[in-house]
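The values are calculated or read from the model by the stated rules, or taken from the named source; none is laboratory data. What you see is a predicted model; the values in this text were computed from it and never measured. Ideal geometry is used to build each Cβ from the backbone, glycine not excepted, and the neighbour counts take in all protein chains shown.
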Amino acid sequence: MIGYVVHRLLIMIPTLLAISLIVFVIIELPPGDYLESYVAELESQGESVDPKEIEFLRTQYGFDKPAHQRYLHWLVGMVQGDFGYSFEYRLPVSEVVGDRLVLTILISIATILFTWIIAFPIGLYSATHQYSWGDYGLTFIGLVGLATPNFLLALILLYLANVVFGTSIGGLMDPQYLDQPWSLDKVLSVLAHLWIPVVVIGTSGTAAMIRRLRANLLDELQKQYVVTARAKGLPQFRLLIKYPLRMAINFFVADIGSLLPSIISGAELVAIVLSLPTTGPILIAALQSQDMYLAGSFLMFLATLTVVGVLISDLALAALDPRIRLQGGSTR
Amino acid sequence: MTDLLAVRDLEVEFHVLGGVVRAVRGVSFRIRHGSSIALVGESGSGKSVISQAIMGILPDTARIAGGQIVFADPEQPGSTVDIASLSADSPQIRAIRGRRISIIFQEPMVSLSQLHTIGDQVGEALHLHRKVSKKEGREITKTMLRLVGFPDPSAALTCYPFELSGGLRQRAMIAMALICRPALLIADEPTTALDVSIQAHILKLIKDLQGELGMAVLMITHDLGVVANIADEVVVIYQGQVMESGTVKHIFDNAGHPYLQALLKAVPHFDMKAGERLVPLREIDHEPGPMLAAKAPWPPGADDAGPLLRVSGLRKSFEARKGGILSGNSQNSVTAVDGVTFDVKRGECFGLVGESGCGKTTIGKIIMRALTPDAGAVVFNDRGTPVDLLSLKNDDLLPYRQKIQMVFQDPFGSLNPRMTVFDVIREPLVIHRIGDADSQAEMVKELMHMVGLDPRFLSRYPHSFSGGQRQRIGIARALALKPDLLICDEPVSALDVSIQAQILNLLKDMQAGLGLTYLFISHNLAVVDYIADRIAVMCRGRLVEMAPREVLFRNPVHHYTRALMAAVPYPDLDRRLDFTAAGAGTISDPAAWPEPFAVRESRPCRLIDVGDGHFVLAAADTDPRDLAGC
């Protein structure tokens, strides 16, 4: 067990190295660099730029060095906990991202829980009442949820929240609590604002999960072992929970690996519409302005989350499924 | 005394797209206390539906349209319950289900949940129906597991089904069904998926437990050999109706109904005369066409180069990692094929028979070059030129893919569901670039005629065909390249008895008509006996006996072959199985065979020639004359 985990952790190192190289190359791919877009932006606003100052900045940030040196510099820095310097914010990357990370994780976890709490009962109902009116109705709602663009739903909910509950537009808390220390009122204000992004971000994920749970359960419900359990005299609901659901749950667990980063990165548009103080909008802005250290570190953060998520789901699968635990790796 | 269960005028309907299917039409029979009754019929006859109706576990699309199922529980004398009138999830029927009436199914692998331990699944019914503490429950479960013959019941409690052999899984199923000591056990084809020696064990077990627990058994089967050995009364079902019923003696002594007689004639058995043909319930018309028959003749003298296929010293072992990913890597290897040598002569059908896991399929795959052996040689006589198949690489192999083709066991898994039948059969011709589009289409049509299918079906997809028809499509595909050697890997074991006869006759006719050579792999002794000219018996990766068909099963010499033969149930009341012998432990352990057959590390064994092409595995220094007298 321990050997396996250590083995998996060691494999993560070359994986992350490869990802960092790809990230670096992709960020370098567009022509020009941050300073060029900075100069262009200033010039478009009619301001003159001192070439000497640009040259100074170029040297200071190492833009004059060859690509592989910059890559190594970035890599070594990250290992030491120095994620580089954001040109846009003129702050170290860790300070730009740090505050927002907490709120991002809060929204993500709330969204995952929301998705599961809604999706599980509906998926169970749809599968056991296949082709009933209830199944059709819930399927219809689910498909509408899947098809509605998130930002549209966000705008509608924002409007409703403002008109009905009087919640302030945008953000994750009322404006007066910004930059204030945490207090009970502040927490309540966050909770009052939190549900909108959670519903918006969670809706499409919930709909997709209902469909998948329904399909998986329908497959399992026809299996012979379910008949065996019925033949023992098990009541319908207990049977459902103990056998087919247990079997169908594997894909949820296998999903964790992709769930973490997709919820964090998939919500950028919504975050911009709702002006949420999360990490998504920063990433978009950083990519637009070629703020390379910020964008690169952020992408590496997502990659690490993915790799860790996959490890977690693999370990959870092994714990859940004896076939994986006891038979894994045997060759035929 | 009243009957334990009386089924009266039972009608079951299935509501499917496009109408109502009447699966059971007015069936009546009764089961006496403690008796054994067999429901006999081919698949689709409605016999399983009857059992599901008795259990109250009909699928959602099915409905009991009429009739009664009256159950008189001996625990509550004087009162009866009409199961047919109860709703499928009512507490009354749940109290009967699994407690008073229980069921075991055909396929123990899929009937048990893979994620729950044996102890959990076996003990579950007990905790559902009786108030017992966890500890008591574990003790009762352990007793039950011992009763059904688990060698180590305490260890079995925490085992998962996939860690057990097929026989033990079925024993676990039986333990699960019997843990509440039911009054009636329904056994739905309980031994069909098992090897013949394990079948005898399971039948004996059911019979022993029946006496011990005083329960009645309703056995659902298509195998009249099983019926003769276990049933007191027989009910023959055809298309949802009772054709004939009576005591087993009455049924076997004067099988009056033509359906039952036809069923008896469709199953291969060891008393068939040379040249006697099986009579399928429904014959298929098929004819070889000119393109298939037009094969280049074998050049004169080509047979001097050796037999069509010579397999020598084949050895293959598989690495299996025991213990799984979370508890270290302890490698252990299983020898699947251990020094196997045999020849297949041109034009003959060579049968390879053995229990599951004996390595027979591995040999087929090695010859097809799907697996690479650790040692040994496979030499193919290509019209006078001997070719070492194992030394061929990449493109050199391609020509021989045309000469050796394979028919697979599973007619559902071996056809691509997204290709039309036309594309399926034509694909080999496309891969090997044989002919243009017109001649390929012509060839495909001829192949369809050859296997007795209407060429108008060519644009359909495999799902619209029955299992037997799909197997014929698979055979047509294998014949498209006009191969010299056809490897048939259990081609009929997934098929119903009536279909089995069709396919066997088809293969037999084609062999004569097209000059084919077969390597026929099967676990069914009677099937191999019917189709093969020479037969080799395999056990644990070794050939134990090889002889012409007339000799092998009539005069077996090796202990293992004899034990196998002794375990075959005959549809004949005068030759019932000797169950006392069947209980004597496993027959497939080479170290436990008596002298001189025992295989031990210390002493070399070899195939000893006892004359007339009859070879027997025994200690290397055994005198052939001693063996003949054994």
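Is there a residue being assigned to a helix (DSSP H, G or I) and closer than 30 Å to A:Asp291 by Cα anywhere in the range A:111-132? Scanning the range A:111-132, I find at least one residue that is assigned to a helix (DSSP H, G or I) and closer than 30 Å to A:Asp291 by Cα, so the answer is yes.
From (1) more than 14 Å from every other protein chain (Cβ to nearest Cβ); (2) part of a strand (DSSP E or B); (3) touching a helix residue (DSSP H, G or I) at 6+ places or on another chain (Cβ under 7 Å), pick out the condition that doesn't hold for B:Gly149. Only one criterion is unmet by B:Gly149, namely (2).
Taking the range B:281-321 as the search range and keeping residues that are within 14 Å of chain A (Cβ to nearest Cβ) and among the small types (Gly, Ala, Ser), which one is farthest from B:Gly452 (Cα to Cα)? It comes out as B:Ala320.
For the range B:170-213, residues that are within 23 Å of the chain's Cα centre (by Cα), within 14 Å of chain A (Cβ to nearest Cβ) and part of a loop (DSSP other than H, G, I, E, B) total 4. Among helices (runs of 4 or more DSSP H) entirely within the range B:241-298, having at least 3 residues that are closer than 30 Å to B:Gly515 by Cβ singles out B:290-293. Scanning the range B:432-463 for residues that are touching a helix residue (DSSP H, G or I) at 6+ places or on another chain (Cβ under 9 Å), part of a loop (DSSP other than H, G, I, E, B) and without any contact (Cβ under 8 Å) to a residue 12 or more places away in the chain returns B:Gly435, B:Asp454. What's the number of the only condition in (1) closer than 23 Å to B:Glu189 by Cβ; (2) without any contact (Cβ under 8 Å) to a residue 40 or more places away in the chain that B:Arg97 fails to meet? The one condition B:Arg97 does not meet is (2). Being polar (S, T, N, Q) and more than 10 Å from every other protein chain (Cβ to nearest Cβ) is not true of B:Gln114.
Candidates in the range A:173-194 are the residues that are without any contact (Cβ under 8 Å) to a residue 12 or more places away in the chain and in a helix (DSSP H, G or I); of these, the one that is farthest from A:Leu158 (Cα to Cα) is A:Leu184.
Okay, residues lined up against (1) among the charged types (D, E, K, R); (2) free of Cβ contacts under 8 Å to residues at least 60 places away in the same chain; (3) over 28 Å from B:Ser43 (Cα atoms):
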| residue | (1), (2), (3) |
| --- | --- |
| B:Ser111 | no, no, no |
| B:Lys142 | yes, yes, yes |
| B:Val148 | no, no, yes |
| B:Pro161 | no, yes, no |
| B:Leu178 | no, no, no |
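Checking each residue in the range A:241-253 for being buried (at least 17 other Cβ atoms within 10 Å of the Cβ) and either under 24 Å from the mean Cα position of the chain (by Cα) or not in a helix (DSSP H, G or I) (or both) picks out A:Tyr243, A:Ala248, A:Ile249, A:Asn250, A:Phe252, A:Val253.
For the range B:111-127, the set of residues classified as outside any loop (DSSP other than H, G, I, E, B), farther than 25 Å from B:Thr221 by Cβ and small (Gly, Ala, Ser) consists of B:Gly119, B:Gly123, listed by residue number. Those residues that are free of Cβ contacts under 8 Å to residues at least 40 places away in the same chain, within 15 Å of A:Val308 (Cα to Cα), of a type in the set (A, V, I, L, M, F, W, C) and within 14 Å of chain B (Cβ to nearest Cβ), I need them from the range A:1-28; list them, please. The answer is A:Val6, A:Ile11. Can you find even one residue in the range B:124-146 that is among the acidic types (Asp, Glu) and within 11 Å of chain A (Cβ to nearest Cβ)? Yes, the range B:124-146 contains at least one residue that is among the acidic types (Asp, Glu) and within 11 Å of chain A (Cβ to nearest Cβ). Kindly establish whether B:Gln106 is out of contact with any Asp or Glu (no Cβ under 8 Å at 6 or more places or on another chain) and not aromatic (Phe, Trp, Tyr). Criteria not met by B:Gln106. For the criterion of being at pLDDT below 75 and under 30 Å from A:Thr128 (Cα atoms), A:Ile256 passes.
Filter the range A:308-327 for residues that are within 19 Å of the chain's Cα centre (by Cα) and surrounded by fewer than 20 Cβ atoms within 10 Å (Cβ to Cβ); which is nearest to A:Arg70 (Cα to Cα)?
The first filter runs over the range A:308-327 and keeps only residues within 19 Å of the chain's Cα centre (by Cα), leaving A:308-314.
Next, only the ones that are surrounded by fewer than 20 Cβ atoms within 10 Å (Cβ to Cβ) stay: A:308-312.
Values: A:Val308: 27, A:Gly309: 29, A:Val310: 30, A:Leu311: 30, A:Ile312: 33 Å.
Among those that are within 19 Å of the chain's Cα centre (by Cα) and surrounded by fewer than 20 Cβ atoms within 10 Å (Cβ to Cβ), it is A:Val308.
In the range B:54-84, what residues are of a type in the set (S, T, N, Q) and exposed (fewer than 13 other Cβ atoms within 10 Å of the Cβ)? Correct list: B:Thr61, B:Gln76, B:Ser79.
B:Tyr560: in a helix (DSSP H, G or I), crowded, with 19+ Cβ neighbours inside 10 Å and touching a Pro at 6+ places or on another chain (Cβ under 7 Å), yes or no?
No, not satisfied.
Any residue that is assigned to a strand (DSSP E or B), surrounded by fewer than 17 Cβ atoms within 10 Å (Cβ to Cβ), among the β-branched types (Val, Ile, Thr) and touching a strand residue (DSSP E or B) at 6+ places or on another chain (Cβ under 7 Å) - is there at least one of those in the range B:214-230? Looking for residues that are assigned to a strand (DSSP E or B), surrounded by fewer than 17 Cβ atoms within 10 Å (Cβ to Cβ), among the β-branched types (Val, Ile, Thr) and touching a strand residue (DSSP E or B) at 6+ places or on another chain (Cβ under 7 Å), one finds none in the range B:214-230, hence no.
In this structure, does B:Val407 turn out to be within 26 Å of the chain's Cα centre (by Cα), modelled with pLDDT under 90 and in the same structural domain as B:Arg346 (by TED's automatic domain parsing)?
So B:Val407 fails the test.
Residue check: is B:Phe380 of a type in the set (Phe, Trp, Tyr) and surrounded by 19 or more Cβ atoms within 10 Å (Cβ to Cβ)? Considered against the rule, which asks whether it is of a type in the set (Phe, Trp, Tyr) and surrounded by 19 or more Cβ atoms within 10 Å (Cβ to Cβ), B:Phe380 comes out as yes. Residue-level check: of (1) part of a loop (DSSP other than H, G, I, E, B); (2) over 30 Å from B:Thr622 (Cα atoms); (3) modelled with pLDDT of 85 or more, B:Ser493 misses just (3). Look through the range A:217-236, keep the residues that are over 21 Å from B:Ser90 (Cα atoms) and touching a residue at least 40 places away in the same chain (Cβ under 8 Å), and return whichever of them is farthest from the other protein chains (Cβ to nearest Cβ). So the residue we want is A:Leu217. Only residues that are touching a residue at least 40 places away in the same chain (Cβ under 8 Å) and not in a helix (DSSP H, G or I) were counted across the range A:133-151, and they come to 1.
For (1) outside any helix (DSSP H, G or I); (2) within 26 Å of B:Ile103 (Cβ to Cβ), each residue gets a yes or a no:
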residue	(1), (2)
A:Ile196	no, no
A:Ile201	no, no
A:Ser204	no, no
A:Ala215	no, no
A:Glu220	no, yes
A:Val227	no, yes
A:Leu234	yes, yes
A:Leu239	no, yes
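Quick one: in the range B:96-152, which of the residues that are hydroxyl-bearing (Ser, Thr, Tyr) and buried (at least 19 other Cβ atoms within 10 Å of the Cβ) is farthest from the chain's Cα centre (by Cα)?
Looking at residues that are hydroxyl-bearing (Ser, Thr, Tyr) and buried (at least 19 other Cβ atoms within 10 Å of the Cβ), I get B:Thr141.
The range A:263-332 holds helices (runs of 4 or more DSSP H) entirely within its bounds, and those carrying 3 or more residues that are within 23 Å of A:Glu28 (Cβ to Cβ) and either at pLDDT 80 or above or touching a helix residue (DSSP H, G or I) at 6+ places or on another chain (Cβ under 9 Å) (or both) map to A:280-288, A:292-320.
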